[in-house]
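The values are calculated or read from the model by the stated rules, or taken from the named source; none is laboratory data. The model shown is predicted, which means the values in this text are computed figures rather than measured ones. Here the Cβ positions follow ideal geometry from the backbone for every residue, glycine too, while neighbour counts run over all protein chains shown. Just so you know, the surface numbers come from the protein's heavy atoms only, side chains and all, with ligands and any DNA or RNA stripped out. Shrake-Rupley method; radii C 1.70, N 1.55, O 1.52, S 1.80 Å.
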Amino acid sequence: MTQKKFLDNFRDEIQKGFVSDRISPNNIAELQKYKRKSEIPSMENFYEAIENFENKKTFELEKPSVGYFCNIVPEEIILACDLHPVRLCCEDQVCAQAGEEIAPGDICCVIKSICGKFYGRLYENLNLVIIPGTCDPKTKLAELISPLKEIYFLDPGRDSDYLENAAIWESRYTELFDFLKKRFHKNPGRTQLISACHKTNKRTEIFRKIYQLRTDYPDSINVFDYYIMIYASFFMEIELWNDFAEKVYSQALEKKKTQNKPRILLVGTPVIFPNFKIIDVLEQSGLAMATDIQCTSFGRFFNPVEIDEDTESGIIRALALKNIAGSICPCLLNLEKMANLIIDTVNQYNLDGVIYYNLRLCQVFEIQTAILRQILKQRNIPFISIKTDLGKEDTGQLKTRLEAFREMLESHRK
Amino acid sequence: MNKINIARRIFQILSLVLLVYGGYIFKEWKESAETEQSIFPSLKAPPGSISTTKFEKGSILWPSGATPVIENYPPSLVCRFNPKGGMFKACILHFFSENLTWQTQIKYLLPYITLFILLCFLFGRMWCGWVCPIGTVGDFLTFLRRKMNIKVRRFPQNFRINLSFTGYGIMAIALTISTIIGMPNFARYQCYWFLPYCQICPARLICPMFGLIKPNWKDFSTGITTTFTILAWLVLGLFVAAFYFGRRVWCHMCPVGLINSWFNKGAGVELHKKAIKCIKCGYCADACPMGLTKMYQMNNDGIYNQNACIMCFRCVEVCPRENCLGVKFFGKELFRRKNDTKKVS
């Protein structure tokens, strides 16, 4: 069992020492701004869901809810136990500032935001939080928030290119499955696992359609709507999300129109509401984000669960392969895979350039920039690396850089 | 989804029906075949030797009492023990074993060998994955295990390589015995040692049961037949355990499969990979019933027909990346992994 009670003896001291007042980030105004830009009526559902979520600042669900981070945590196992999975990845500046009391200023802003949210008592209703040891800050995060919440620490091997590790991943996932069954007094079997996989595969199917549509016609679903849909999937019921997304897709099909903006591929750290700075700037600079390679969208939705062996262990293994072996997270060993993926996506969809978006202080993303730049340079694929944080101070500067990049792409086209 | 797998299952079942019940289905052909003389007219069996017609009910090599519809040897494991003679005569190991004993002249064997090589050259080891009735029986055992929710056993690569060495070892021993008993001085041993591999092959006990004929479960008349009976039981146990717990692990040591595997590299059916599409998700390696990982490991474009590959194309089927893996027939593309969503335009 990897469920440990970290810092259990020091719980009171830690809780007394830090802020316990609720912090109240207000992102509704921001949300309304993007809502006005939306041209698809069905997107209303997603905006409404996020508005409710932001207003309540907590989860009020019939089912027990389980928070998690990263694709490494198998959503299907949580769904199979009849629990509500909530992805807690967060890029909120207000929360990040509050979180600086717990986590130092010069570490990953996602970790700071999460600390802010937990210590600001925004996640009171969560029954359990599953934290994977994907990267170093996430590993320490398990200890940082353990005085507040029940934590399950999931430690995968980081060599995703070594298939013998699949046995280890399978045993880790089985431990998690057994733990959830015991903790929530559920008794799911493989039928429930298969049905959970069907749900996520249905989501994959819809996402692929949307992904494909956007690569051909980036304006059919605007980039803000796209990321709003992705963000809504963090906490919405999966069947509901599938229904709404299907509607959005059918309405978007009618809106497809060709446009002449340079079509770019956005690679790198995930774009999560309310931190839409990069896509805002992209829009203003006259670039069209045709497609992306990010963990919250492509990495999470694109690959289906392929069940080869429909035994319980076979399904869990399939989940492990989907979530870990097929992962695009730079924390795992997969730079070659990433380079292949970028080159292939650019060639397949005939894209004009690549923007490598790096949220400052994420070392693993930053560390591979030079190699990727060199590989793409040799293949004559325009590449720009953008490094920024949650603050809006550098918006003007970013815009200038991206406008210059657009001009370069346009001249490259000619 | 899973169209290839469904097609393969249907083909396997049809092949099983044809190869095992061919004798019943094409009865008229069979009757005309029965009137013909021996397929090897020059056969001069030495004194004391044995031929198939001499086997009587109760003998360990009793071939269900009938000749097959077509006296030929396809690259699949068809069996002399099929009820009513079956569709084809026997497998290629049977062919080599009996003709080594009979010392048949090579010119009479050439048509059979040519046909065998041609079929292998066209389809490689696809015969194992798509046609072999014993493989189909084994796949049914695997299906049962899955329905009983029992975890599959995965064997390390070294173990699988050792299995194929074991298979070659058994094949070498069987062929050597067949050659030795063909010599005039040893002809008296033919009644015990004829077709030594067939006597321990799991098909000997499985195939007659398809026609509701009781196979020769036990022959304890002499020390040699007792040994063969016990060995046959052990091998059958291994066969059932191998297929039940470990998918196609048995096929690594099946001598017929091993002979087919020589033709896999350079066969008409080619599995190829476009490396840039690969995201190393491992779906192909995980789904491979033979446990092969080369398709997953290779980082360059190319044709990756491996010796042990039974061409079930499960890897192509489970690959999540459009156009990453594909199947060609003599360079002409048969099919590729397609994206599940139709292109919107």
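Could you calculate the FRET efficiency of A:LYS33 with B:ALA241 from 1/(1 + (r/R0)^6), where r is the beta carbon distance between them and R0 is 60 Å, rounded to 0.05?
Details: r = 65 Å, r/R0 = 1.09.
Step by step, r from the Cβ atoms, then E = 0.35.
Counting only other chains, and only Cβ atoms inside 10 Å, what mean value do you get across the residues of A:307-318?
Per-residue shielding by partner chains comes out at 5.
Tell me, what HN-Hα J-couplings in whole Hz come from the Karplus equation 6.51 cos²θ - 1.76 cosθ + 1.60 at θ = phi - 60° for each residue of the range B:253-263, using x for Gly and Pro?
Once θ is set to phi - 60°, the couplings for the range B:253-263 become 10, 5, x, 5, x, 5, 5, 4, 5, 5, 9 Hz.
B:LYS147 versus A:ILE371, label points 7 Å from Cα toward the beta carbon: distance in nm?
In this crude spin-label approximation the distance works out to 4.9 nm.
In the Gaussian network model of chain B, springs joining C-alpha atoms below 10 Å, which of B:ILE173, B:ILE150, B:ILE213 carries the largest mean-square fluctuation?
In this elastic network of chain B, the residue with the biggest mean-square fluctuation among B:ILE173, B:ILE150, B:ILE213 is B:ILE150.
What residues qualify as long-range amide H neighbours of A:SER385, i.e. H under 5 Å apart, gap of 5 or more or another chain, H built at 1.01 Å from N?
Under 5 Å from the amide H of A:SER385: A:TYR356.
Taking only Cα atoms, what is the 0 to 90° angle, nearest 10, from helix A:395-413's long axis to the longest principal axis of chain A?
It works out to around 50 degrees.
Helix A:43-56 against the longest principal axis of chain A: what's the angle in degrees, Cα atoms only, rounded to the nearest 10?
Between the helix axis and the principal axis of chain A, the angle is about 40 degrees.
First select every other residue whose beta carbon is under 12 angstrom from the beta carbon of A:GLY299; then total the charges, Lys and Arg +1, Asp and Glu -1.
Once all neighbours under 12 Å are counted, the net charge is +2.
For the range A:253-258, what does the Karplus curve 6.51 cos²θ - 1.76 cosθ + 1.60, with θ = phi - 60°, yield as ³J(HN,Hα) per residue in whole Hz, taken in order and with x for Gly and Pro?
Once θ is set to phi - 60°, the couplings for the range A:253-258 become 4, 6, 9, 5, 8, 6 Hz.
May I ask which of B:LYS274/B:LYS328; A:LYS149/A:LYS337; A:LYS117/B:LYS280; A:LYS37/A:LYS337; A:LYS37/A:LYS414 have a Cα-Cα span longer than 24 Å here?
Values: B:LYS274/B:LYS328 13 Å; A:LYS149/A:LYS337 36 Å; A:LYS117/B:LYS280 35 Å; A:LYS37/A:LYS337 35 Å; A:LYS37/A:LYS414 31 Å.
Cα-Cα > 24 Å for A:LYS149/A:LYS337; A:LYS117/B:LYS280; A:LYS37/A:LYS337; A:LYS37/A:LYS414; rest within.
For the range A:267-284 and the range B:142-199, compute the distance between their C-alpha centroids and round to whole Å.
63 Å
Normalised by the residues of the range A:88-141, what does the relative contact order come to in percent, with Cα pairs under 8 Å and at least six apart?
Relative contact order, the range A:88-141: 31 percent.
From Cα pairs below 8 angstrom and at least 6 apart in sequence, can you work out the relative contact order of the range B:196-267, rounded to a whole percent?
Details: 43 pairs, mean separation 18.1, N = 72.
That works out to 25 percent.
Which of A:ARG317, A:ARG300, A:ARG401 moves the most in a Gaussian network model of chain A with Cα springs under 10 Å?
Taking springs between Cα atoms under 10 Å, the residue moving most is A:ARG401.
Using modelled backbone amide H atoms (1.01 Å from N, in-plane), which distant-in-sequence or interchain residues come within less than 5 Å of A:THR291's amide H?
Long-range HN contacts for A:THR291: A:ILE264, A:LEU266.
Can you list residues from other chains, or at least 5 along the same chain, whose modelled amide H is less than 5 Å from the amide H of A:ASP155?
Amide H neighbours of A:ASP155: A:GLY133.
Say each of A:PHE6 and B:THR176 gets a label point 7 Å from the Cα, pointing the same way as Cα to Cβ; how far apart are those two points in nm?
6.3 nm
Can you work out the FRET efficiency for the pair B:LEU110 and B:GLU333, with r the C-beta to C-beta distance and R0 = 35 Å, to the nearest 0.05? Numbers along the way, then the final one.
On the way: r = 34 Å, r/R0 = 0.98.
The calculated FRET efficiency here is 0.50.
In the range B:316-335, whose amide N lies under 20 Å from the spot 7 Å out along Cα-to-Cβ of A:ASN350? List them in ranges.
B:322-323
Using Cα centres only, tell me the gap between the range A:340-390 and the range A:107-159 in whole Å.
28 Å
Restricting to DSSP H runs of at least four residues, report the calculated mean residue ellipticity at 222 nm for chain A, -39500 (n - 2.57) per run over all residues, nearest 500 deg cm²/dmol.
Values: 18 runs with 206 residues, N = 414.
Only helices count here, giving -15000 deg cm²/dmol.
State the Cα centre-to-centre distance between the range A:201-250 and the range B:7-23 in whole Å.
After rounding, the separation between the Cα centres reads 45 Å.
On average, how many beta carbons from a partner chain sit within 10 Å of the beta carbon of a residue in B:144-150? Write down the numbers at each step before the final one.
Numbers: counts 0, 2, 6, 2, 1, 8, 4.
Mean partner-chain Cβ count within 10 Å for B:144-150: 3.
Give the relative contact order (percent, whole number) for chain B; include only Cα pairs under 8 Å separated by 6+ residues.
That works out to 19 percent.
Need one number: buried accessible surface between chains B and A, 1.4 Å probe, both sides summed, DNA, RNA and ligands left out, in Å² to 100.
The summed interface area works out to 3500 Å².
What is the calculated FRET efficiency for A:ARG401 to A:GLU336, with r their C-beta to C-beta distance and R₀ = 22 Å, to the nearest 0.05?
0.20
Counting GluC sites (Glu not before Pro) as exposed when in a DSSP loop with at most 10 other beta carbons within 10 Å, what is the longest stretch of chain B free of them? Could the numbers behind the result be given before it?
Details: sites that count: B:GLU36, B:GLU56.
The longest uninterrupted stretch comes out as B:57-345.
What are the ³J(HN,Hα) values, in whole Hz, obtained from phi via the Karplus relation 6.51 cos²θ - 1.76 cosθ + 1.60 with θ = phi - 60°, for each residue of the range B:122-137 in sequence order, with x given for Gly and Pro?
Coupling constants for the range B:122-137: 6, 10, x, 8, 4, 4, 5, x, 10, 10, 3, x, 5, x, 5, 4 Hz.
Go through A:165-173, A:219-227, B:285-293 and give me the packing order, highest mean Cβ count within 10 Å leading.
A:219-227, B:285-293, A:165-173
Separation between the B:ILE10 and A:THR191 pseudo-spin-labels, each 7 Å from Cα along Cα→Cβ, expressed in nm?
2.9 nm
As I understand it, the value is the acute angle between the Cα axis of helix B:223-246 and the longest principal axis of the Cα atoms of chain B; what does it come to in degrees, rounded to 10?
Between the helix axis and the principal axis of chain B, the angle is about 10 degrees.
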